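Encoded as structure tokens, the structure appears first; notes follow it.
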Amino acid sequence: MNRAEKAALQLQAVAVLRMLKRPRTYDELAETTGLPAGDLNRYVNGHVLPGPDRAREIVNGVGRDALADELRSRIAFDEEGYVDNSAVVFDQSFLDLVAPVAAESFAFETPDVVLTAATDGITLGAAMASFFDARLAYAKKSKETAVEEFIESRQRLASGIELTYYLPANAIDAGETVLIVDDLIRSGETQELLLDIALQADAEVTGVFALIAVGEEGLDRAREITDAPVGALETIE
Ligand SMILES: O=P(O)(O)OC[C@H]1O[C@H](OP(=O)(O)OP(=O)(O)O)[C@H](O)[C@@H]1O
């Protein structure tokens, strides 16, 4: 890790602690993190930064668990089992916290491009792209008017409906590395289409990440297509 990366990690740890502190006293935060309340007070108030090792433990350990809990508390299911995750995908600051935790937890390499699917994947994609200092590309279910060339991927879904995603052909160059992200994986059909788009672009997939997996089916489907790490912050049955 160079100095700038260390500093970024230390600031991420502080951001995680500030999120955790909001509903807690310092004693409660000490209990949650296992760190002394006095140190936590200094970190949260910005007087001292946690050392790089401690920062990594905060981001990887308590940070991941806390974000997964927070994620779960923010999503709602309707009576047919559909997920309302607006309280997550509309909150860019929350997603900005998820990005370093996801990168650390799944050891994703820094990609050239973060690829997602419109609409709900876009804010997570933006957070991940910003964290990695990578470009963001999102495939859409319709063609952009002024774009002439597209990579397109189509499949007939289990429901019988045909789904096509379009990506402007110049969004990914051959040989570039691509991290595929989305807010939700359920059947894995969307991930399969995104993986196909990356393949058609002659790109190398470095990972697949979702905030929420509903069951294991979608994750397993992605694992059949790529050897890169595939994971979700939270899996819900
Ligand atoms: O694993 P799957 O079964 O493919 O489901 C996951 C996809 O479903 C949702 O998008 P949706 O198609 O509802 O489009 P939206 O983002 O425009 O709402 C979600 O944002 C994922 O992209």
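The values are calculated or read from the model by the stated rules, or taken from the named source; none is laboratory data. Because the structure is a prediction, the values reported are computed rather than measured. Reconstructed Cβ throughout: ideal geometry from the backbone, glycine too, with neighbour counts over all protein chains shown. Quick note on the areas: whole protein, heavy atoms, side chains included, nothing else; ligands and nucleic acids left out. Shrake-Rupley method; radii C 1.70, N 1.55, O 1.52, S 1.80 Å.
Within region 207-224, restricting attention to residues that are in a strand (DSSP E or B) and open to solvent by less than 10 Å² (accessible area, probe 1.4 Å), the residue that is farthest from the ligand (Cβ to nearest atom) is Gly207. Could you give every pair whose Cβ atoms fall below 8 Å, whose first residue belongs to region 108-128 and is not assigned by the TED database to the domain that holds Gln92 and hydrophobic (A, V, I, L, M, F, W, C), and whose second residue is assigned to a helix (DSSP H, G or I) and open to solvent by less than 20 Å² (accessible area, probe 1.4 Å), counting only separations of at least 6 or pairs across chains? Filtered contacts from region 108-128: no entries.
Of all residues in region 186-206, those satisfying the criterion of being of a type in the set (A, V, I, L, M, F, W, C) and away from the ligand (no atom under 12 Å from the Cβ) are Ile197, Ala198, Leu199, Ala201, Ala203, Val205.
Are any of the residues in region 58-66 open to solvent by 80 Å² or more (accessible area, probe 1.4 Å) and not assigned by the TED database to the domain that holds Ala198? Looking for residues that are open to solvent by 80 Å² or more (accessible area, probe 1.4 Å) and not assigned by the TED database to the domain that holds Ala198, one finds at least one in region 58-66, hence yes. In the set Leu163, Leu157, only one residue is within 12 Å of the ligand (Cβ to nearest atom), more than 19 Å from Gly125 (Cα to Cα) and in contact with a Lys or Arg (Cβ under 9 Å, 6 or more places away or on another chain); that residue is Leu163. When each of Leu9, Leu17, Leu49, Leu29 is tested for being within 26 Å of the chain's Cα centre (by Cα) and open to solvent by 30 Å² or more (accessible area, probe 1.4 Å), the lone residue that passes is Leu49.
Scanning region 166-185 for residues that are surrounded by 13 or more Cβ atoms within 10 Å (Cβ to Cβ), among the hydrophobic types (A, V, I, L, M, F, W, C) and more than 13 Å from the ligand (Cβ to nearest atom) yields Leu167, Ala169, Ala171, Ile172, Val178, Leu179. Within region 189-206, the only residue that satisfies the criterion of being within 13 Å of Asp173 (Cα to Cα), touching a Leu at 6+ places or on another chain (Cβ under 7 Å) and not in a helix (DSSP H, G or I) is Val205. Among the residues making up region 52-94, those that are more than 25 Å from Asp120 (Cα to Cα) and without any contact (Cβ under 8 Å) to a residue 40 or more places away in the chain are Asp53, Glu57, Gly61. Taken as a whole, the condition of being touching an Asp or Glu at 6+ places or on another chain (Cβ under 7 Å), closer than 22 Å to Gln191 by Cβ, in the same structural domain as Thr164 (by the TED database) and outside any loop (DSSP other than H, G, I, E, B) does not apply to Ala137. Of the residues Leu157, Leu97, Leu179, Leu184, the single one that is in contact (Cβ under 8 Å) with a residue 24 or more places away in the chain and out of contact with any strand residue (DSSP E or B) (no Cβ under 9 Å at 6 or more places or on another chain) is Leu97.
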